[in-house]
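Asks: Before anything else, here's the structure in question.
What follows draws every value from the coordinates through simple rules; no lab data is involved. A quick note: this is a predicted structure, and the numbers were derived from the prediction, not measured. Because the Cβ atoms are built from the backbone with ideal geometry, glycine has one as well, and the counts that use them run over all protein chains shown.
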Amino acid sequence: MESAMARHDAYREEVIGRANVGDTPELVAYYEELAKYETGALWTVANKIEPWQPKSESVPVVWRYRDLREHVLRSVDLVTPEQAGRRVIYLNNPGRREVSAAVGWLYSGLQVMHPGEVASAHCHSSSALRFIMEGRGAYTIVDGHKMTLGANDFVLTPNGTWHEHGVSEEGTPCIWQDGLDIPLVNALEAGFYAVHPDLNQAVTHPVDDSTAAWGGVALRPYGETWNKPYSPLFKYEWEPTYEALRRYAATTDGSPYDGVLMNYTNPATGGPVMATMGASMQMLRPGEKTKAHRHTGSFLYQVAKGKGYSIINGRRYDWQERDIFCVPSWAFHEHANASDRDDACLFCFNDLPVMHALKLYREEALAENDGHQPLIG
Ligand SMILES: [Fe+2]
Ligand SMILES: [Fe+2]
């Protein structure tokens, strides 16, 4: 009897143009012979490695802040930033445990720091971003530029930059969401990591100078040049972002799939904030329910404001402020604001710059059922 493991025709499809070869004793002997030379017959795996459409191993997940917050805070009593390097509870998608990803090739985690704590300066090939969830006094230093941070602020630590984080003595315990492309960089086997020789870097520019120079709306500082492959604006503050969304919302119908959405951009180019990761903030107006679409790319959302739900691949996921949820590649999704009075805002980061750069972006609206997914189960 042949075991299931020994089968070589598990992926055959009865479709013209696809691999459709059944096992015979002669073929199996041939495959075993090929294996001795570290080779294989493509037709035994072709349908598996080239699916008709993207097959994400990630599953939709909501990480509820009310469940996670106390566990994140508890880590403060268990390890120091010095011991841990970075004291983070990471989001571990059940389909992506092997690569420690939250969705697709994106990593994410919740980092906590107490007043007076500082994490040592380091540098890595992965690009990173953070979105502040709670607390006062948090700061990040990127290549000598210090940024002070408040709730719903979005900050970049691009790849190759020296960076460190801390909370000032006068602050309160701070929690923020980290987002990195670590799994992608590892998949490409291109990751380096270095600890700063002095463990901490000097602040060599005026505090918040990046926002002062580059944070003006459609205003470019005279004489400033910028040739690096990421945004010179390292911090995107919540207040002007929300104000921009409110003003835009008053004059637009928005997108049928995303409501009122604005991308965070590199002010020097108009492009995404970093080479591998993009980010956006979107507003769902009171009572707004979007239609379903799907596209390539992996997406992690954090609820910056309000409450509602998203339907992802036919299942409903309720969310409220500070919850985080993911939309895997090619999963149908639609969002709804549960309030008829208040708007809801979703922060999102994604790997869309990679999809676009590699010409892999594809998007499709749900045509049936007036654009809304029937609920499963
Ligand atoms: Fe880092
Ligand atoms: Fe979408």
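Asks: How far is it, in nm, from the label point at Val28 to the one at Ala194 when both lie 7 Å from their Cα along the line to the Cβ?
Replies: Taking the simple label geometry, Val28 and Ala194 are separated by 5.5 nm.
Asks: If R₀ is 35 angstrom, what is the calculated FRET efficiency for the pair Asp67 and Met262, using the beta carbon separation as r and rounding to 0.05?
Replies: Efficiency for this residue pair is about 0.70.
Asks: Comparing Glu334, Glu363, Glu14, which has the greatest mean-square fluctuation in the GNM of the chain with Cα pairs linked when under 10 Å apart?
Replies: So, out of Glu334, Glu363, Glu14, the one fluctuating most is Glu14.
Asks: If you average the alpha carbon positions of segment 1-52 and of segment 114-134, how far apart do those two centres end up, in angstrom?
Replies: Computed from Cα coordinates, the inter-centre distance equals 47 Å.
Asks: Among Val142, Val21, Val118, Val185, which comes first, second and so on when ranked by fewest other beta-carbon atoms within 10 Å?
Replies: Ascending number of Cβ neighbours within 10 Å: Val21, Val118, Val185, Val142.
Asks: Once both axes come from the Cα atoms, what is the angle between helix 238-249 and the longest principal axis of the chain, in degrees from 0 to 90, rounded to 10?
Replies: 70 degrees
Asks: While we're on this one: Multiply the residue gap between Glu169 and Glu82 by 0.36 nm, knock off their C-alpha separation, and tell me the result in nm, one decimal place.
Replies: Gain in length upon complete extension: 29.6 nm.
Asks: Could I ask something else about it? With axes computed from alpha carbons, what is the tilt in degrees of helix 65-78 against the longest principal axis of the chain, rounded to the nearest 10 within 0 to 90?
Replies: 70 degrees
Asks: If I build a Gaussian network model for the chain, linking alpha-carbon pairs within less than 10 angstrom, which residue out of Tyr301, Tyr309, Tyr230 has the largest mean-square fluctuation?
Replies: Tyr309
Asks: Can you put Thr269, Thr140 in order of Cβ neighbours within 10 angstrom, beginning with the fewest?
Replies: Neighbour counts put them in this order, fewest first: Thr269, Thr140.
Asks: If I take R0 = 41 Å and measure r between the Cβ atoms of Asp342 and Ala187 in this structure, what FRET efficiency does the formula 1/(1 + (r/R0)^6) give, to the nearest 0.05?
Replies: Plugging the Cβ-Cβ distance into 1/(1 + (r/R0)^6) gives 0.55.
Asks: Give me the percent relative contact order of the chain, please, defined on Cα pairs under 8 angstrom at least 6 residues apart.
Replies: The normalised contact order for the chain reaches 14 percent.
Asks: What length, rounded to one decimal in nm, is gained on full extension from Lys359 through to Val59, with 0.36 nm per residue of separation minus their alpha-carbon distance?
Replies: 105.6 nm
Asks: Continuing with this model, one more query. At 0.36 nm per residue, minus the direct Cα-Cα distance, what do Ser100 and Ala250 gain on full extension? Give it in nm, one decimal, please.
Replies: Taking 0.36 nm per residue and subtracting the Cα distance, the gain is 49.9 nm.
Asks: Would you mind checking Lys228/Lys289; Lys55/Lys291; Lys235/Lys359; Lys291/Lys359; Lys55/Lys146; Lys48/Lys235 for any pair whose Cα atoms are more than 31 angstrom apart?
Replies: Lys228/Lys289; Lys55/Lys146; Lys48/Lys235
Asks: Right, here's the next one. Which one of Val203, Val61, Val88 has the biggest mean-square fluctuation once the chain is modelled by GNM with Cα springs under 10 Å?
Replies: So, out of Val203, Val61, Val88, the one fluctuating most is Val203.
Asks: Then there is this: How big is D, in µm² s⁻¹, for the chain by Stokes-Einstein at 25 °C and 0.890 mPa s if Rh is the Kirkwood radius over C-alpha pairs?
Replies: 108 µm²/s
Asks: 222 nm [θ] for the chain, helices only, -39500 (n - 2.57) per DSSP H run of 4+, per residue, to 500?
Replies: -4500 deg cm²/dmol
Asks: Please list, in order, the residues from segment 149-182 whose amide nitrogen is less than 17 Å from a point placed 7 Å along the Cα→Cβ vector of Thr269.
Replies: Those under the cut-off are 156-161, 181.
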